[in-house]
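Down below is the structure, laid out as structure tokens.
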Amino acid sequence: MYLSKLNSFYKNYEYHISSIALVLGFVFDVLTLRRADAFFENFWVVFHLVVVATAILLINRKNKKENVESELDFWLLNLMQFSFGGLLSAFLILYFRSASLAVSWPFLLMLALAFVANERLKRNYQRLTYQVSFFFSALLLFSIFFVPVLVGYIGPIIFVFSGVVSLLILRFFLAILQKVSGEKFTLALGSIRGIVLGIFALINILYFTNIIPPIPLSLREGGVYHLVDKEITGEYVLRTEKKNWLEKFNPRTSVNILPDQPLFVYTAIFSPAKFSTKIVHEWQYFDQTKDEWVSVSRILLPITGGRNNGYRTYSISSVVPGSWRVNVMTERGQVLGRIWFSVDYVGTQPELMTEVH
């Protein structure tokens, strides 16, 4: 009786309750999800995956009356939708922290649209193929960053291995689902195989075209400076021009230097503990005659993980007046971020200030 009243109340205010839960859940994730290697973040994702898997098994159990949605199934569908929303929210935030919008925006847009669609396409969750498709997508996106955290390395081989791990987990789940649902699973198996292979192929295409960001790495800090020096204490002393408060919000820094004076680009890259890899600072100059960006130098820099604010490193390059950018990326070209600046020659050294990092 009480369950029926609760069911009726929820159906009457379902849109408002779902919308509020969507917003509050996303805000909660923004405030709490920080690192792809942290226990809470991974526990949160695994918890939602377990909830979704359990809901799929219970919703598709045998000996149910056809075309009749029980009160239990109603709540299971809502619980599954809530957990899918939690997964998409977590992935959107974690992948966003590792992304350069200029490069990874198609992938982030896909996650954002899926997050919004999760609220609008509730009726599709009654279909087994839809349930399994979303479940596999979540498994794959989780494996992409969790497996590298475990092995302490990223790269094509680890990415392919992550995909294989997600397929093996799905195979084990489908074996259980087949026993639980029987004929319903058999009828949907062909569609499930096709959709899973399609999702797997799409994610691989996005990875090997460098659209998927290099999670679990992320660019915590980055900027162009007149001088970068590492002290014996381990602190980095940075010398930069004095800026007014408005100039600090300009994404394209203006740098005034003496002729033949080099510039320094400083970055702090977060990576998990016991994680060892290399990043690249690619210095590019915009050639107005060719109307394209021209690479001047590619500087390979080793980094190690564990520092919460990121592993600090820098590169140096000679520059000429004009528009510049430095791509901060992995060895195989996945972009973590870009540092934009313009250079002008001046006759006297501008006034500098010191920052300590």
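Taking each residue as 0.36 nm, the span from Leu101 to Leu57 lengthens on full extension beyond its C-alpha to C-alpha distance by 12.1 nm. Out of every Cα-Cα pair that the range 168-299 contains, those further apart than 26 angstrom amount to 54 percent.
Protein heavy-atom accessible surface, 1.4 Å probe, per residue over the range 224-353: 52 Å².
Nearest 0.05, what FRET efficiency do Arg307 and Thr186 give at R0 = 56 Å with Cβ-Cβ as r? The formula returns an efficiency of 0.60 here. Each residue, Glu231 and Ser276, gets one label point 7 Å from its Cα in the Cβ direction; the gap between the two is 2.9 nm. At a 1.4 Å probe, what is the % contribution of carbon and sulfur to the accessible area of the range 172-244? The C+S portion of the solvent-accessible surface of the range 172-244 is 61 percent. Quick check on the range 73-171: take the gyration tensor over C-alpha atoms, sort the square-rooted eigenvalues as a ≥ b ≥ c, and tell me if it's rounded (a/c under 1.5), prolate or oblate. Because a/c hits 1.5 or more and a/b fails to exceed b/c, the range 73-171 counts as oblate. Placing pseudo-labels 7 Å out from each Cα toward the beta carbon at Phe208 and Val356 gives an inter-label distance of 5.0 nm. Is the C-alpha gyration tensor of the range 264-357 telling us rounded, prolate or oblate? Criteria: a/c under 1.5 is rounded; beyond that, a/b larger than b/c is prolate, otherwise oblate. Oblate.
Using a probe radius of 1.4 angstrom, the carbon and sulfur fraction of the accessible surface of the range 131-171 is 82%.
The values are calculated or read from the model by the stated rules, or taken from the named source; none is laboratory data. Not measured: the values here are computed from a predicted model. When we count neighbours, we look across all protein chains shown, and the Cβ atoms used for this are built from the backbone with ideal geometry, even at glycine. When the accessible area is computed, the model is the full protein with side chains, heavy atoms only, and any ligands, DNA or RNA have been set aside. Shrake-Rupley method; radii C 1.70, N 1.55, O 1.52, S 1.80 Å.
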